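One structure is given below, encoded as structure tokens.
Rule-based calculations on the coordinates, nothing more; no lab input. Every value quoted in this text rests on a predicted model; they were computed, and no experiment measured them. Using ideal geometry, Cβ is built from the backbone for each residue, glycine included, and neighbour counts are taken over all protein chains shown.
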Amino acid sequence: MDSLKSLVTAGWFGKLLPFSVIFLFWILGFVLKRVALKLLGKIAIKTKWKGDEIVICAVRGWLIPWSVMLGISLAAEMWNLSERALNVIDKGLLSVAILSVSFVAARICVELFRSHAETIEKVLPATSLTQNIIRITILTLGTLILLNGLGISITPIITGLGIGGLAVALALQDTLSNLFAGIHLTAAKQIKIGDYIRLESGEEGYVADIGWRNVTLKMISNNMILVPNSKLAQSIITNYHFADRKIRLSIPISVSYESDPEKVERVLIDEVKKAAPEVKGLLTDDEPFVRFMPGFGDFSLDFTLFCQVKDFTDMYLVEHELRKRIFKRFRKEGIEIPFPIQTIYMRS
């Protein structure tokens with residue numbers, strides 16, 4: 001028995017055995033990745049929960065490295081290495097394992113957060129800022145676990161960070177200002193992804209993302225505007241989607257002084273009701289109405305037509321279609337749209 005053990009641990013067989021173990025674990029990782037994960041993936045597609053697919057995608061790239069790391073750990077015991085060398089290998093493998101698991105855990109949590117964004121939107125909006133906070137929190141916990149596993153005391157590091165934080169805060173004052181403004185905008189939930197907003201300076205568009213430094217606005221022209229978080233937090237903002245996406249559209253209409261106000265009002269409301277089933281975005285949930293305002297103009301009777309549209313961007317198409325229909329109807333009804341006229345009286 002002793003002779004067999006000495007044969008195994010000596011000669012060329014003893015030198016090749018550790019490499020054979022590493023190779024076998026590489027094959028094991030390859031089989032797990034190609035066969036086991038593929039089978040689990042087919043099962044995951046049939047389930048309603050998306051989390052299993054996210055976990056499989058996150059783990060897939062690390063199966064072979066993890067298997068090889070386990071093989072190296074076992075093979076190291078077969079080499080005639082000193083206690084110090086074994087300790088270095090163990091700590092190196094431990095570091096890679098903890099960091100890789102932290103990255104995988106961060107990816108899984110962020111992807112789960114994205115997949116449930118609609119469910120938890122009222123509690124925590126799914127912006128790049130919130131995703132980065134989740135990612136950094138998990139990686140920080142992983143780093144602390146790694147330091148503890150390596151026997152490094154965390155207390156001096158935390159103390160040093162507290163002292164150095166003052167210098168960092170002064171050096172990165174603008175960056176931190178934008179960061180905390182972004183956290184405030186996200187936590188206040190007065191601006192969310194998909195809201196259409198207009199700043200007091202005139203910029204407007206859909207909120208595409210809230211990052212750690214900028215809020216990205218997507219204009220109707222498909223251009224992007226980057227607004228620093230601190231500037232946005234201090235600006236007066238009109239949010240067209242904050243309470244309700246529905247918008248009350250007002251269209252000014254002018255007719256000649258020869259027109260009958262009652263007839264004009266009746267024609268305008270009738271045209272809105274006829275257009276509602278045909279014009280996208282035009283609603284009749286609230287009854288359309290007309291007001292004789294601003295009233296008596298220099299050369300016209302001025303009315304304002306009020307109706308409801310589904311979304312802010314529907315205003316353009318609805319107003320375009322209604323103006324065409326009203327113009328044709330006025331011609332048919334003999335209602336005149338006046339030109340600017342000035343009457344001059346000359347005394348003898």
Next on the checklist: Run the reach check for K42 against aspartates and glutamates, Cα to Cα strictly under 13 Å, same-chain hits fewer than 8 apart removed. What comes back?
Outcome noted: D52, E53
Next on the checklist: I need to check one value: relative contact order of the chain, counting alpha carbon pairs closer than 8 Å and at least 6 residues apart, in percent.
Outcome noted: 10 percent
Checklist entry - Along its principal axes, what span do the Cα atoms of the stretch 233-294 show, with the longest given first and each in whole Å? => result 52, 29, 15
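Taking R0 as 30 Å, what FRET efficiency do you get between I220 and S254 from their Cβ-Cβ distance, rounded to the nearest 0.05?
Rounded to the nearest 0.05, the efficiency is 0.65.
For the stretch 11-95, rounded, prolate or oblate, judged on the Cα gyration tensor with a ≥ b ≥ c (square roots of eigenvalues), a/c < 1.5 rounded, else prolate if a/b > b/c?
Taking the square roots of the gyration eigenvalues as a ≥ b ≥ c, the stretch 11-95 is oblate.
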Item to check | Relative contact order (%) - the stretch 247-333, alpha-carbon pairs under 8 angstrom, separation at least six | outcome: 39 percent
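What does the charge count near I237 come to, summing +1 for each Lys or Arg and -1 for each Asp or Glu among other residues with Cβ under 12 Å from its Cβ?
-2
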Checklist entry - When only Cα pairs under 8 Å and 6 or more residues apart are kept, what is the percent relative contact order across the stretch 2-152? => result 24 percent
Item to check | Cα-based Rg / Dmax (Å) for the stretch 257-348 | outcome: 15.7, 60
Item to check | Computed [θ] at 222 nm, helices only, for the chain once each DSSP H run of length n ≥ 4 contributes -39500 (n - 2.57) | outcome: -18500 deg cm²/dmol
Checklist entry - Could you give the angle, 0 to 90 degrees to the nearest 10, between helix 83-115's Cα long axis and the longest principal axis of the Cα atoms of the chain? => result 20 degrees
Checklist entry - Roughly speaking, what is the stretch gain from E336 to D298, that is 0.36 nm per residue apart minus the C-alpha to C-alpha distance, in nm to one decimal? => result 12.2 nm
Checklist entry - If R0 is 25 Å, what FRET efficiency do you get for V88 and A36 from their C-beta distance, rounded to 0.05? => result 0.20
Checklist outcome for this item: Here FRET efficiency (C-beta to C-beta, K263 to E203, R₀ 45 Å, nearest 0.05) is 0.60
Checklist entry - Which value, to two decimals, describes the C-alpha radius of gyration of the chain once divided by 2.2 N^0.38 Å? => result 1.71
Next on the checklist: If a paramagnetic tag sat 7 Å from the Cα of S235 along the Cα-Cβ line, which residues of the stretch 215-229 would have the backbone N under 13 Å from that point?
Outcome noted: 215-219, 224-229
